Each structure stands twice: as C-alpha cells, then as structure tokens.
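Shown next, in structure tokens, is the structure this report addresses.
The values are calculated or read from the model by the stated rules, or taken from the named source; none is laboratory data. Note that the coordinates shown come from a computational prediction; the quantities given were computed from them, not determined experimentally. Methodologically, a virtual Cβ is constructed for each residue, glycine included, from the backbone with ideal geometry; neighbour enumeration extends over all protein chains shown.
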Amino acid sequence: MARPEQVLLLEPQHELKFRGPFSDVVTTNLKLSNPTERNVCFKVKTTAPRRYCVRPNSGIIDAGTSLNVQVMLQPFDYDPNEKSKHKFMVQSLLAPPDMTDMEGVWKEVRPEELMDSKLRCVFELPLENEKTHDMDSSKMISSSLLKSESSVLSSKSMSSNLDDGEVKKIMEECKRLHMEAQRLREENKQIREDDGLRMRKSNMMSSPHSSMAVKKDEGLGIRAMALIVLFFAVGVIVGKLVL
C-alpha cells in the first residue's frame, strides 16, 4: 500500500541552504504549514545528527497554522570541492482526536500512515568580491585624502586671517589620516597575499580557511568607511574656517 502524500507545506520545498563562512554556527529556517482541518504531528530527521541542531525537532502543528523550525549547522572546515551529502526528512502523521501521548502515537503508527518529505543540504560561500572591495576602498581613501589636503592648502593661501593654531591642528590630523590610510593599504596587500597563499595550500591540502580572510576584509572595510567619514568632517571644518 502506497504511503499518503505529505499534507504539510514545506518552505523551502527541496533544499536547505547554508551560507558561510562556516567558522561559526550557520542557521537556516524551515517553515512547516498545516493547511488541513486536523492537527498534524511532525518529526525532523537528518542523516548527519552530529552536525546539526534542530529546534524544535518534533511537535504538533495545529490545524490552519504554521511553525518555523531552526536548523543550525555546527562549525566545520568547509571544502568547496566536496559536495554535501547531508539530507533531512520531515515525517508527519494526522494526530488522533483523543491523543494524550505523542511519543506513544509515533511508536504505534503503521508505516503506511506516515507521510514524509526529503530535503538536501546545500552549502554556499559569500560572493568573492572582497578583492575588488579592497581596491575600491583604497581608491576612495586616497581620493578623500587628496581632497582634504587640497582644501587645507587652499584655505591657508586664500585666507590671511586663518588662525595658525587651527591650521596646524588640521594639518596634523591630515598627516595622521594619511599614515592610517597607508597602514590600511599595506594590511590589504598583506591580506591578499596571505589569502592567495591559503588558497594555494587549500588546493594542496583540501583544507581552506577562507572565512578568516572574509572576516578580516569586512573589518578593514568598516575602518575604511570610518576614515572616509573623518576625511569628510575635516573638509567641512576647513570650509567653515575659510568662511
């Protein structure tokens, strides 16, 4: 006897996607909806129980309601050359009207009464645009720095009433920002070199660590934007002093 079709609606229907980096817990959601007029018992199972934490992994979905299941992938060393063979299965059955013991219902249910849906796991890495992002950030820093220095120099030559102490402070700030920008450019260069070395090692040893580079790149991107804001502030101050 063929099993009945799944009454629960799954979202997503066929794939659970996990987006890296995988150096920390990665969580994806599975929505289970019950469009029927009866309560439905469910269980979520996986072929790799040690690699995932599922909350909740079983329960009852009332008629006409839905439930979000969190599937948490534990940290691991991701190998892009290795395809994921992990799978999940959602089992369900119509809850008896007089049910008092859900575990007892699962033990007594006949196989032909069970309904199930299967999903496969897909691992994804963020788009590899960090290198172009580093280059764009360096260009923005250099451009903002030149504009700030140009504003200071022009204000000094145009206004004879400009306070020497204020000019000195602005020049010192620009010098500090210039040194910080140079340091960031050197860090970006070193990270790109280290990233290339790690990628070459990962191809040889099948143990990539790209997530570390991603985190460093994100940190540098944030500091780069902070510097740009500082450059803009310096330009505003110079403009006010000139006026």
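Table for the structure above
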{"item": "Selection status of SER58, hydroxyl-bearing (Ser, Thr, Tyr), in contact with a helix residue (DSSP H, G or I) (Cβ under 9 Å, 6 or more places away or on another chain) and under 20 Å from GLU124 (Cβ atoms)", "result": "no"}
{"item": "Options PRO4, PRO35, PRO97, PRO21; residue that is exposed (fewer than 13 other Cβ atoms within 10 Å of the Cβ), modelled with pLDDT under 95 and of a type outside the set (Phe, Trp, Tyr)", "result": "PRO97"}
{"item": "Residues that are under 30 Å from PHE18 (Cα atoms), out of contact with any Cys (no Cβ under 7 Å at 6 or more places or on another chain) and assigned to a strand (DSSP E or B), drawn from segment 89-116", "result": "MET89, VAL90, GLN91, MET115, ASP116"}
{"item": "Hits in segment 89-102 (condition: under 30 Å from PRO126 (Cα atoms) and in contact with a Phe, Trp or Tyr (Cβ under 8 Å, 6 or more places away or on another chain))", "result": "VAL90"}
{"item": "Neighbours by Cβ (under 7 Å, 6+ apart or cross-chain): first from segment 51-64, touching a residue at least 12 places away in the same chain (Cβ under 8 Å) and at negative phi; second surrounded by 12 or more Cβ atoms within 10 Å (Cβ to Cβ) and among the small types (Gly, Ala, Ser)", "result": "ILE60/ALA95"}
{"item": "Total residues in segment 25-77, condition part of a loop (DSSP other than H, G, I, E, B) and aliphatic (A, V, I, L, M)", "result": "3"}
